[in-house]
1. Would you grab the residues whose amide H sits under 5 Å from the one on Ser200? Only those 5+ places off in sequence or on another chain, please, with H modelled 1.01 Å from N.
2. With springs only between Cα atoms under 10 Å, which of Ala202, Ala263, Ala214 fluctuates most in a Gaussian network model of the chain?
3. Calculate how many DSSP beta bridges within segment 5-138 are antiparallel, expressed in % of all such bridges and rounded to the nearest 5.
4. When the dipole is taken about the Cα centre of the chain, and only Lys, Arg (+1) and Asp, Glu (-1) are charged at their Cβ, what size is it in debye, to the nearest 20?
5. Quote the relative contact order of segment 146-281 in percent (integer), defining contacts as alpha-carbon pairs under 8 Å separated by 6+ residues.
6. Cα centroid distance between segment 47-61 and segment 92-137, in Å?
7. Can you list the HN-Hα couplings for segment 146-154, worked out from phi with the Karplus curve (6.51, -1.76, 1.60; θ = phi - 60°), rounded to whole Hz and with x for Gly and Pro?
8. Scan segment 52-109 for trypsin sites (Lys or Arg not before Pro) in coil per DSSP, keeping those whose Cβ has at most 13 other Cβ atoms within 10 Å, and list them by number.
Amino acid sequence: MRSLRVLVVYKESTYSRYGTSQHIVRGFKKNKYWEVLKRSHDRHVQTLESVCDTLRDKGFRVTRLLRSRVKNIRSMDKRFDLVVSVGGDGTFLECSHYLWRTPILGVNSDPQQSVARLSGSRETDFERVLDAHLTRQTKPSLVWRLDFWINGKKNPIPVLNDLLVSTASPAGTSRYILKTSGRAEEQMSSGVWVSSAAGSTAAVLSAGGKAFPATAKRFQFVSREVYHKKFGPRRFLGDSFGPGQTLEIVSYMRQGRIFIDGANLVTTFGVGDRLKVRLANKPLKVIGLKA
C-alpha cells in the first residue's frame, strides 16, 4: 500500500522573525513582551516537531514548508494526500487558497496566544483526530468559500473568510453602489465587508454582522460606518445570501482596493470596476472541525 504524502505547512513565529532586529528586541524587552513571544515560539516549535514525528511514525512521506512559500507549490491537490497546517488562522488561510480536493487538518500550535477557529486539533489531540480521519470514523466537514469576479474575470483565489472593499487609505471614504436582485443603493462609508460563514465570527461580526456555523451555505455583507447625510438615510446596510445568489459592488473610487482574506492579498478596484461575489462550487474539506 502506498504511504500517504503529507504536506506540513507551518508559520514563522514573531520571535524568530524579529530575533535579529535589535531595536525591536529592545522595545519588546522593556515591557517583558519578549518573554511572551519566546514562550509562544517554544510552544509552536514543540507542536511542529511533535506533529512531524507523529506523521513519520505512521510511515507517511512528510514535506515541511514555510507558510510564505505555499504559493510556490504547483498542483498541491495532485502532489499530496493530506495537508496539515501548524499555526493559527493565517497559516490555515494560506493553505486553503490552493486546495480543492485534498483535505486539510489544522493544528493550533499555541492555544494560549493563537486564534484558530478552523483548526481541528492541538498538539495533545492531533494523533487522535488524525486517526479518526484515517479510519473513517469521521468525515471532513465541507466549508463553503466565496468566488468573485472583477469586470467579468474570475479571480483564481477561493475566499475562505472575507473580502474587504474600501479605499487604499483607511482614512479615506469608500464610495460605491451595492446591487442585488431587484435592489441597488449608492453609499459612502469606510468600506464593505463580504464574509463567508467561516469568516462570520471575525471582522464582519464586529461590524454588526451575524455569526453562522462554519459549514453554513451562506455569505453576507455589512457596510461599515455609513455616511447618511449625502444621499439621505441608507437602508441597505447588511444582508445574507444563499446558493445561487450574488452580490455586486460597483466602484466609484479612484484608489479602491479589494483585500482578500486579510491584508496580504490585495487587488485594485477603480472607478467603474464591478465586483461580483457568490458561493463557490467547491468547498474546502476540513478535518476535525468543531465550529
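Computed from the coordinates by the stated procedures, all read-outs in this text should not be read as laboratory data. What you see is a predicted model, and the numbers here were worked out from it, not measured in a lab. All Cβ positions, even for glycine, are placed from backbone atoms using ideal geometry, and neighbour counts span all protein chains on display.
1. It is Phe212, by chain and number.
2. Looking only at Ala202, Ala263, Ala214, the largest GNM fluctuation is found for Ala263.
3. Details: 0 of 18 bridges.
Taking every DSSP beta bridge within segment 5-138, about 0 percent pair in antiparallel fashion.
4. Numbers: 49 positive and 24 negative charges, 101 e Å.
It works out to roughly 480 debye.
5. Numbers: 330 pairs, mean separation 41.1, N = 136.
Answer for segment 146-281 is 30 percent.
6. Each part reduced to its Cα centre gives a spacing of 14 Å.
7. These are the phi-based 3J(HN,Hα) values: 10, 9, 9, 10, 10, 6, x, 9, 6 Hz.
8. Numbers: sites: Arg56, Lys58, Arg61, Arg64, Arg67, Arg69, Lys71, Arg74, Lys78, Arg79, Arg101; in loops: Lys58, Arg74, Arg101.
Loop-located and lightly packed - Arg74, Arg101.
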